[in-house]
1. Take T45 and decide whether it is modelled with pLDDT of 95 or more, polar (S, T, N, Q), surrounded by 13 or more Cβ atoms within 10 Å (Cβ to Cβ) and in a strand (DSSP E or B).
2. Would you mind stating whether D53 is in contact (Cβ under 8 Å) with a residue 40 or more places away in the chain, among the acidic types (D, E) and open to solvent by 30 Å² or more (accessible area, probe 1.4 Å)?
3. Being over 22 Å from L95 (Cα atoms) and surrounded by fewer than 15 Cβ atoms within 10 Å (Cβ to Cβ) is the requirement here; does N11 meet it?
4. Could you please let me know if Q58 is touching a helix residue (DSSP H, G or I) at 6+ places or on another chain (Cβ under 8 Å), part of a helix (DSSP H, G or I) and not hydrophobic (A, V, I, L, M, F, W, C)?
5. Report, by residue number, each residue of the stretch 57-105 that is open to solvent by 70 Å² or more (accessible area, probe 1.4 Å), in contact (Cβ under 8 Å) with a residue 60 or more places away in the chain and aliphatic (A, V, I, L, M).
Amino acid sequence: MSAAAKTTAQNLINENAVVVFSKSYCPYCKASKDLLNSLDAKFTTLELDLEKDGDAIQNALQEISGQRTVPNIYINKKHIGGNSDLQSLQQKKELTALLAAAGAV
């Protein structure tokens with residue numbers, strides 16, 4: 001695994017209130033980004049399929065969080081999970097509070 005890729009991933013997580021590691025063609029990634037947009041949340045997206053080192057970053061994410069699939073979502077430096085986890089937080093009325101605590105809304 002590339003140390004540079006792990007540093008890139010960890011820096012994005014540390015420096016942004018909300019990060020969505022995504023792939024541009026993924027319908028689950030789109031659903032996550034649509035939900036965050038509908039809440040007017042400020043978030044950073046990294047489209048792994050459009051990055052030259054996207055595969056290495058995806059491998060680094062597995063080492064960081066134990067999850068390799070996308071979307072791979074972090075709020076306030078905490079690994080949230082994927083789209084179903086994000087949607088579940090919204091259904092339980094917990095997502096807005098998490099976003100607010102992170103300063104993303």
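The values are calculated or read from the model by the stated rules, or taken from the named source; none is laboratory data. Just so it is clear, the structure is predicted and the values come from calculations on it, not from any experiment. Glycine also receives a Cβ, built like all others from the backbone with ideal geometry; neighbour counts cover every protein chain displayed. The protein model used for the area step is the full one, side chains on, heavy atoms only, and it has no ligands, DNA or RNA in it. Shrake-Rupley method; radii C 1.70, N 1.55, O 1.52, S 1.80 Å.
1. On the way: modelled with pLDDT of 95 or more: yes; polar (S, T, N, Q): yes; surrounded by 13 or more Cβ atoms within 10 Å (Cβ to Cβ): yes; in a strand (DSSP E or B): yes.
Here the answer is yes, as T45 does meet what is asked.
2. Working: in contact (Cβ under 8 Å) with a residue 40 or more places away in the chain: yes; among the acidic types (D, E): yes; open to solvent by 30 Å² or more (accessible area, probe 1.4 Å): yes.
Spelling it out, D53 is indeed in contact (Cβ under 8 Å) with a residue 40 or more places away in the chain, among the acidic types (D, E) and open to solvent by 30 Å² or more (accessible area, probe 1.4 Å).
3. On the way: over 22 Å from L95 (Cα atoms): yes; surrounded by fewer than 15 Cβ atoms within 10 Å (Cβ to Cβ): yes.
Here the answer is yes, as N11 does meet what is asked.
4. Values: touching a helix residue (DSSP H, G or I) at 6+ places or on another chain (Cβ under 8 Å): yes; part of a helix (DSSP H, G or I): yes; not hydrophobic (A, V, I, L, M, F, W, C): yes.
Considered against the rule, which asks whether it is touching a helix residue (DSSP H, G or I) at 6+ places or on another chain (Cβ under 8 Å), part of a helix (DSSP H, G or I) and not hydrophobic (A, V, I, L, M, F, W, C), Q58 comes out as yes.
5. Matches in the stretch 57-105: V105 only.
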